[in-house]
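Engineer: Just dropping this structure here.
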Amino acid sequence: MAVCLNPGVPPEFPGEALESKDGELGDYAPAPKQCHKCLKLKPPRAHHCSVCKTCVMKMDHHCPWINNCVGINNYRYFCLFMFFLAMGCLYYTVLGSRLFFQALVPARKRTIKLKFEDIQCVTLSWLVSICIFCAICLLGGFHLYLVLTNQTTIEFHTNMAGRQIARKRGEIHRNPYDLGMSRNFQQVFGPNTFFGFRWLLPYVARRPTCNGLEYPMVSDFRA
Ligand SMILES: [Zn+2]
Ligand SMILES: [Zn+2]
């Protein structure tokens, strides 16, 4: 699903669709902008991908590993793909560790008989597995932080720059989409409770409700 799904190309929409019911844009609600590359109107949080040559709603990044953009439609599948990949690698790293260390010791000290080909297979696959596990833990940890703070990778960089500018002015920069950990989590994984664990099974879990054209903001909840 992370590879095959359309990441979220914005539909044609009238600019007024993004205005709130009383006809006014909220305190922070950004007005829809025209993309200067594909010339289409792009909703807030959408960005143009130069690889896909289209705008993508809530674009996170273009991922070369899945050869697809990561956007509003496939972000939760991308996160789950990383999670299950890490679990698969951990499973093999733990179960294969005895075999791996047996392959390292001299043949006369081995308790398991291993042929030369077996040693090559075991050592290579174990090393690949532990390397992928470590890399996915770093990337997955970063994306866990992004999910819980309701940021995309692109927004993480713009928010960091915004925070530095605000600090110089003696102000505090706030991410306008950060609704608290629980709501932020449900924005990505749908209205499922964390400890229900249905969000781990994308065909069973309730789907996210966001249409990609407008996003709940902190200012909506204050009102
Ligand atoms: Zn564009
Ligand atoms: Zn892309």
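Engineer: Starting from the amide H of residue 55, placed 1.01 Å from N in the peptide plane, find each other amide H under 5 Å away whose residue is 5 or more places distant or on another chain.
Structural biologist: 49
Engineer: Same structure, new question: Taking every alpha carbon pair in the range 15-214, what does the distance histogram look like in 10 angstrom bins from 0, in percent?
Structural biologist: 8, 25, 28, 19, 11, 7, 3, 1, 0
Engineer: If I compute solvent accessible area with a 1.4 Å probe over the protein chains, what percent of it on the chain is carbon and sulfur?
Structural biologist: The value for the chain is 63 percent carbon and sulfur by accessible area.
Engineer: Tell me which DSSP H helices of the chain clear both cut-offs, 30 Å or more of axial length from alpha-carbon atoms and a mean Kyte-Doolittle hydropathy of at least 1.0.
Structural biologist: TM-like helix candidates: 75-104, 116-149.
Engineer: Quick check: Cα centre of the range 55-104 to Cα centre of the range 154-214, how many Å?
Structural biologist: Answer, in whole Å: 21.
Engineer: I'd like the trypsin sites (Lys or Arg not before Pro) in the range 119-223 restricted to DSSP loop residues with at most 13 other Cβ atoms within 10 Å, sorted by number.
Structural biologist: Those that pass, being in a loop and sparsely packed, are 174, 206.
Engineer: With a 1.4 Å probe and every protein chain left in place, tell me how much accessible area residue 87 has, in Å² to the nearest 10.
Structural biologist: Roughly 80 Å² of residue 87 is accessible to a 1.4 Å probe.
Engineer: Here's a follow-up. If I take every Cα pair under 8 Å that is 6 or more residues apart in the range 15-214, average their sequence separation and divide by the length, what percent do I get for the relative contact order?
Structural biologist: Value for the range 15-214: 16 percent.
Engineer: With the dipole of the chain worked out from charges on the C-beta (+1 for Lys and Arg, -1 for Asp and Glu) around the Cα centre, which of 128, 11, 38 lies farthest toward the positive end?
Structural biologist: In the chain, that residue is 128.
Engineer: Shifting gears a bit: If the only charges are +1 at each Lys and Arg Cβ and -1 at each Asp and Glu Cβ, what is the size of the charge dipole of the chain around the Cα centre, to the nearest 20 debye?
Structural biologist: It works out to roughly 940 debye.
Engineer: Place a +1 charge on the Cβ of each Lys and Arg in the range 29-111 and a -1 charge on the Cβ of each Asp and Glu, then give the dipole magnitude about the Cα centre in debye, rounded to the nearest 20.
Structural biologist: Magnitude of the dipole: close to 100 debye.
Engineer: If R₀ is 35 angstrom, what is the calculated FRET efficiency for the pair residue 209 and residue 165, using the beta carbon separation as r and rounding to 0.05?
Structural biologist: 0.60
Engineer: Please compute the alpha carbon radius of gyration of the range 77-146, then divide it by the globular-protein estimate 2.2 N^0.38 Å. Two decimals is fine.
Structural biologist: Here the Cα radius of gyration is 1.36 times the empirical estimate.
Engineer: State in Å² the accessible area per residue of the range 15-214; use a 1.4 Å probe, count heavy atoms of protein chains only, and round to the nearest integer.
Structural biologist: On a per-residue basis, 63 Å².
Engineer: Another question about this same structure. Enumerate the amide H contacts of residue 61 below 5 Å, restricted to partners 5 or more residues apart or on another chain; note that Pro and chain-start residues carry no placed amide H.
Structural biologist: When sequence neighbours closer than 5 places are left aside, the close amide H contacts are 70.
Engineer: Amide H neighbours of residue 42 under 5 Å, counting only residues 5+ apart in sequence or on other chains, H built in-plane at 1.01 Å?
Structural biologist: Answer set, sorted by chain and number: 33, 34, 35.
The values are calculated or read from the model by the stated rules, or taken from the named source; none is laboratory data. No experiment lies behind these values; they were computed from the predicted model shown. Every residue, glycine among them, receives a Cβ derived from its backbone with ideal geometry; neighbour counts consider all protein chains shown. Note: areas computed on protein heavy atoms with side chains; ligands, DNA, RNA excluded. Shrake-Rupley method; radii C 1.70, N 1.55, O 1.52, S 1.80 Å.
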